[in-house]
Amino acid sequence: MSRLQQNGYAQYSARNSLQYPKGWFMTLIGKLLYKLYGLNAPFCNLLYHEVIRKIIVKLEGGGKGMYSGTLRRIMKDYYDVEIGAYSRGYCFEPGCAERFTKIGRYCSVAPNVHIITINHPMDFKSMHEFAWHPDESDTDLREWSPIDIGNDVWIGRDVIILPKCMHIGDGAVIGAGAVVTRDVPPFAIVVGNPARVVRYRFEPEVIAQLVQEKWWEHDLEELLPDIEEFRKPYAGVCSFKGELTN
Ligand SMILES: CC(C)(COP(=O)(O)OP(=O)(O)OC[C@H]1O[C@@H](n2cnc3c(N)ncnc32)[C@H](O)[C@@H]1OP(=O)(O)O)[C@@H](O)C(=O)NCCC(=O)NCCS
């Protein structure tokens, strides 16, 4: 049984399966930490939450959260952020992604990334919170822009993703410091402010084959026999450049 399965990913082929760890003791600990995380007490500050997240990562396989079912459940239930199996890094920090963010499998998220899914209503008389979120009640008149980030996406350090970007394709690279204002095609490398495609990782026919193959739907244990295929340049140098499309 793989580490991810032990930690709650028996249904690993389902994109974002969210279960507690397996085994009665680990299940109990996972459930307890999940509940403790949600406590609404004065001492439940940022440090408290950080400590709980660190304990969970330690108990559920390390790897910057890549194997943790409990952490994924916390992100989904407390922050409305879905994180696919094997994705790892800063995406488990609560400040990284706003509500309605979906991150696919095997993604890598570098420090200080910000995924923003909401604007203030610019067509209201005032853009101040008193207009769209009166008395800090549940009523929030802003329109969220859900974002769907594909699989095996690498998001570099200090990236900002803005609400008009609603889809980042599988295999895309977002260069360090990029400000992404539009959708990113699969396997594109985008850089700069505003982010533009500098090139693609592979030639179009290789991209088409990878998009069809969907290797990321497999469990890591299934991929390991073919590990050599993943540890060297895959399909030669790519000269294909394109435009960032909506
Ligand atoms: C995007 C990236 C992967 C491109 O790497 P690369 O293929 O080696 O690209 P090059 O260095 O050949 O750059 C290609 C062009 O894009 C520009 N460019 C590259 N990265 C850029 C960036 N982050 N921002 C702005 N422009 C960038 C280069 O200046 C170059 O422009 P030119 O053709 O006009 O000279 C890399 O530059 C990057 O940003 N990596 C992220 C690193 C990171 O955040 N790591 C965190 C730890 S995981």
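A few comments on the model shown:
- Listed conditions (1) away from the ligand (no atom under 13 Å from the Cβ); (2) out of contact with any Ser or Thr (no Cβ under 9 Å at 6 or more places or on another chain); (3) within 25 Å of Tyr90 (Cβ to Cβ) are all met by Glu217, apart from (2).
- Cβ-Cβ contacts under 9 Å between residues 6 or more apart (or on different chains), taken from a first residue in region 99-122 that is free of Cβ contacts under 8 Å to residues at least 24 places away in the same chain to a second residue that is crowded, with 18+ Cβ neighbours inside 10 Å, are absent.
- Within region 164-192, residues that are within 16 Å of Leu210 (Cβ to Cβ) and modelled with pLDDT of 95 or more sit with their Cβ atoms under 6 Å from residues that are polar (S, T, N, Q) and crowded, with 17+ Cβ neighbours inside 10 Å, at 6+ positions apart or across chains, in these pairs: Asp170/Asn151.
- Ile189 meets each of the listed conditions (1) in contact with a Cys (Cβ under 7 Å, 6 or more places away or on another chain); (2) within 11 Å of the ligand (Cβ to nearest atom) apart from (1).
- Of all residues in region 149-165, exactly one satisfies the criterion of being more than 10 Å from the ligand (Cβ to nearest atom) and surrounded by fewer than 16 Cβ atoms within 10 Å (Cβ to Cβ), namely Lys164.
- Among the residues listed as Glu213, Glu143, the single one being within 29 Å of Gly65 (Cβ to Cβ) and surrounded by fewer than 19 Cβ atoms within 10 Å (Cβ to Cβ): Glu213
- Count - residues of region 88-111 that are closer than 15 Å to Ile161 by Cβ, within 16 Å of the ligand (Cβ to nearest atom) and in contact with a strand residue (DSSP E or B) (Cβ under 7 Å, 6 or more places away or on another chain): 9
- Filter result for His114 (surrounded by 15 or more Cβ atoms within 10 Å (Cβ to Cβ) and away from the ligand (no atom under 16 Å from the Cβ)): no
The values are calculated or read from the model by the stated rules, or taken from the named source; none is laboratory data. What you see is a predicted model; the values in this text were computed from it and never measured. Positions of Cβ are backbone-derived with ideal geometry, glycine not excepted, and every protein chain shown enters the neighbour counts.
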